[in-house]
Each structure stands twice: as C-alpha cells, then as structure tokens.
1. Please go through the stretch 66-100 and give me each residue that is surrounded by 13 or more Cβ atoms within 10 Å (Cβ to Cβ) and among the β-branched types (Val, Ile, Thr), ordered by number.
2. If the Cβ limit is 9 Å and pairs must be 6+ apart or interchain, which residue in the stretch 125-140 that is farther than 23 Å from His91 by Cα and without any contact (Cβ under 8 Å) to a residue 12 or more places away in the chain pairs with which residue that is of a type in the set (A, V, I, L, M) and open to solvent by 20 Å² or more (accessible area, probe 1.4 Å)?
3. In the stretch 5-117, which helices (runs of 4 or more DSSP H) lie fully inside it and hold 3 or more residues that are under 16 Å from Ile204 (Cβ atoms)?
4. If the Cβ limit is 6 Å and pairs must be 6+ apart or interchain, which residue in the stretch 79-90 that is of a type in the set (Val, Ile, Thr) pairs with which residue that is at pLDDT 95 or above?
5. Looking at this structure, is Tyr137 open to solvent by 20 Å² or more (accessible area, probe 1.4 Å) and under 26 Å from Arg47 (Cβ atoms)?
6. One residue is enough: does the stretch 161-176 have a residue meeting the conditions open to solvent by 30 Å² or more (accessible area, probe 1.4 Å), within 16 Å of the chain's Cα centre (by Cα), modelled with pLDDT under 95 and not charged (D, E, K, R)?
7. Within the stretch 108-133, work out how many residues are over 15 Å from the mean Cα position of the chain (by Cα) and more than 21 Å from Ala97 (Cα to Cα).
8. Specify the residue that is farthest from Val177 (Cα to Cα); the eligible residues are those in the stretch 148-158 that are buried (at least 17 other Cβ atoms within 10 Å of the Cβ) and out of contact with any Asp or Glu (no Cβ under 8 Å at 6 or more places or on another chain).
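The values are calculated or read from the model by the stated rules, or taken from the named source; none is laboratory data. The structure displayed is predicted, hence computed values, not measured ones. Reconstructed Cβ throughout: ideal geometry from the backbone, glycine too, with neighbour counts over all protein chains shown. Side chains are part of the model used for accessible areas, which takes the heavy atoms of the whole protein and leaves out ligands, DNA and RNA. Shrake-Rupley method; radii C 1.70, N 1.55, O 1.52, S 1.80 Å.
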Amino acid sequence: MLTHKPLRAVLFDWDGTLLDSYQADANAYVQMFQALGIAWNLTDLARHYSPDWHRVYRAAKLPPEHWTEADRLWRSFYRLERPVLQAGARHVVQELATRFRLGLVSSGSSLRVRKQIRAFGLDRFFAVSIFGDEVPYRKPHPLQLQLAIRRLEIEPGACVYVGDAPEDVNMARRAGVAVIGVLQHSPVAERLRESRPNALIKTITALPGLLSRS
C-alpha cells in the first residue's frame, strides 16, 4: 500500500505535473537571463533547474539585489508563452475527483496558477489550493503541503502527493505524506528517480490505475 491509512486525498503539483510547462518556463528563463546579461542557455538551466527559482538565480550567480527585476522579466516573457495541460491530465483530475478529495500545492504564484486552472476549467475540482507566494518557505519545506492537509482535515497518512521533481518528494516525505513521481516530462528525471518516491509512473495517465491497486 502507498498510504498507511485508506486513501482519502490526492494532492498535485502544477507545473510539469498537470501542466506541460517546462518549455514555457525555460524560454522565459533564458530570455530573462539574456536581458540581464547572463550567458545561460537551455542546457545550463536543465542542469540547475529547481522549483525554487532562487536556487536557479544562485546557480547563475545573479546577485540578490537583481532578483526582483529578474522576477519581473520572467513574468513578462512567460506571458507570451502558451503552455497546455499534460496529455490526459484533465481526464485524470475528473476521474479522481469522483473518488477522492483533490488539492493543488504549487510553487507558482497564486495570480498565475489560479488564472491557468480557471482557464482550463479545473478550479472546481480542487478542494484546496496553496501557492508559493502564500507561504514564507519554498519546497522542499513542508509548510505548503501541511497547510493543504490541515484545510482538508485529513491525516497525512491518508494522502498522496504527485509531483515531478525531487523537491516534491522531499517536501512530501517531511510532511509524512506518500509521494508519487511522474517521469516523462520532468526536467530532472534522474534526480527524481534518485530521490526515491514511494512510486514512479511514466505519465500522469497511469495515476488512476496505480491508485486503484494501492
């Protein structure tokens, strides 16, 4: 079994897990770095990618006094991108919502991610959503996930978290929650494997079958 108790809730990461967003993220990063005079390309970004963008800034040796401007530039370039849902993600969310309570725990900003989930018509499926700008700590700190579980009024042992990065695995582990890694569109698939989630699936479409067997 994945969970210590009967499964009652499934919580999702957004970017890279339900949303096929890495190319959009990466394009915005590279253009932002170019605007700041930093010679980073897609290979550099893939090597240092993290859901905590401050880690990316540190890896690029961007001085902290330029982080606010970097955030502004990233948002301006990202607005030109049009990421889409992962193949089958809508069906997965719709199916699981008939069996479990669902939640969203994303490092992304509330303004951006709320707008995206509304645009895709998914907001009504999530009983709780916690975003990166609503907490003082970033993944892998467990606070976001702990808040979501508390609002659902469900024990950690009755939940699973689904993500695509080692920070997702470490966050869930620190919150006492079983975690499932999604490999296919992860920009850090090998690091995800090495973080040893409770289960690995190739694509998000494999999730309902896995949860039926757990």
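1. Across the stretch 66-100, the qualifying residues are Val92, Val93.
2. What qualifies is Pro136/Leu143; Tyr137/Leu143.
3. 89-97
4. Qualifying pairs under 6 Å: Val84/Asp20.
5. Judged against the criteria, Tyr137 is a match.
6. No, because not a single residue in the stretch 161-176 is open to solvent by 30 Å² or more (accessible area, probe 1.4 Å), within 16 Å of the chain's Cα centre (by Cα), modelled with pLDDT under 95 and not charged (D, E, K, R).
7. Count: 1.
8. Among those residues, the one meeting the criterion is Leu152.
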